[in-house]
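Below is one structure, written out as structure tokens, with a few remarks after it.
Here, each number is a calculation from the coordinates, and none is a lab measurement. Not measured: the values here are computed from a predicted model. We place every Cβ from the backbone using ideal geometry, glycine too, and count neighbours over all the protein chains shown.
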Amino acid sequence: MATGRDAAVSGSPDTALEMRGIVKEFPGVKALKDVTFSCRQGEVHGLVGENGAGKSTLMKVLSGVHPYPTYDGEIFIKGKLARFPGTREAERAGIAIIHQELNLIAELTVAGNLFLGREPVKRPFGIIDKKKMNADAQKYLSAFNMNLDPGTLVKDLSVGKQQMVEIAKALSINAKVLVLDEPTSALT
């Protein structure tokens, strides 16, 4: 993670994500000071640092958890300026984040968690189409070689399989940028 303003020029067709000059403050604490980060499509990066270094804060800025304008700096997705007032807008732009704490509902099925808030419905009454939801969930799970039954309750899965559900959920939105915030911490 470089600091300063030396990132790749925004608008570059192969730059999937660019964060430039990000500053985030909390009362009495400057969590991020002029952070710049960029990556090209297909690249894999790891951010490392001590606890409290700002890694999770940077990802929360990117994913809309810390919405614009609660931070300074600019975010570009595929060269276009992005200002997310919330997580839904970041998700629509193709940002998917898997937080270190699993974000699943134990009493819902795998399919129910994958499509929570985006459930397919039957018209004209808007009833959830569980058959389609399970079939679509199976497509995502199979595409990523995840041997999970979409009808299984999440509470009946091991923590490792729950993590797989989180990944499938992120990929089901056709994410352009996938962020894994301490992906193995839930396994310990």
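Relative to the globular-protein estimate of 2.2 N^0.38 Å, the Cα radius of gyration of the stretch 77-188 stands at 1.11.
Quick one: longest stretch of the chain between exposed loop GluC sites (Glu not before Pro), exposed meaning at most 15 other C-beta atoms within 10 Å and loop per DSSP? The longest such stretch corresponds to 108-188. Over the stretch 20-82, Cα pairs under 8 Å with separation of 6+ residues give a relative contact order of 36 percent.
Between Glu107 and Phe144, the C-beta separation translates, for a Förster distance of 22 Å, into a calculated FRET efficiency of about 0.35. When a/c is below 1.5 the answer is rounded, else prolate if a/b is larger than b/c, else oblate, so apply that to the stretch 15-93 with a ≥ b ≥ c taken from the square roots of the Cα gyration tensor eigenvalues. Verdict is oblate for the stretch 15-93. Going through (i) 246; (ii) 102; (iii) 145, the figure that equals volume of the Cα convex hull per residue in Å³ as computed for the structure here is (iii). Using R0 = 25 Å, the C-beta based FRET efficiency linking Leu178 and Phe125 works out to 0.10.
Beyond 26 Å in Cα-Cα separation lie the following of the pairs Lys132/Lys155; Lys30/Lys78; Lys78/Lys131; Lys24/Lys155; Lys122/Lys155; Lys78/Lys155: Lys30/Lys78; Lys78/Lys131; Lys24/Lys155; Lys122/Lys155; Lys78/Lys155.
In the chain, the calculated helix contribution to ellipticity at 222 nm averages -7000 deg cm²/dmol per residue, counting -39,500 (n - 2.57) for every DSSP H run with n ≥ 4. Taking the number of Cβ atoms within 10 Å of each Cβ as an exposure proxy, the fewest-first ranking of Phe76, Phe37 is Phe37, Phe76. Among Ser158, Ser56, the ranking by other beta carbons within 10 Å of each residue's beta carbon, starting with the fewest, stands as Ser158, Ser56.
Neighbours of Val110 by Cβ distance under 10 Å: Lys/Arg scored +1, Asp/Glu scored -1, total 0. Can you give the relative contact order of the chain as a percent, counting alpha carbon pairs under 8 Å and 6+ residues apart? It rounds to 21 percent for the chain. Each of Ile97, Ile167 has some number of other Cβ atoms within 10 Å of its Cβ, and from fewest to most they run Ile167, Ile97.
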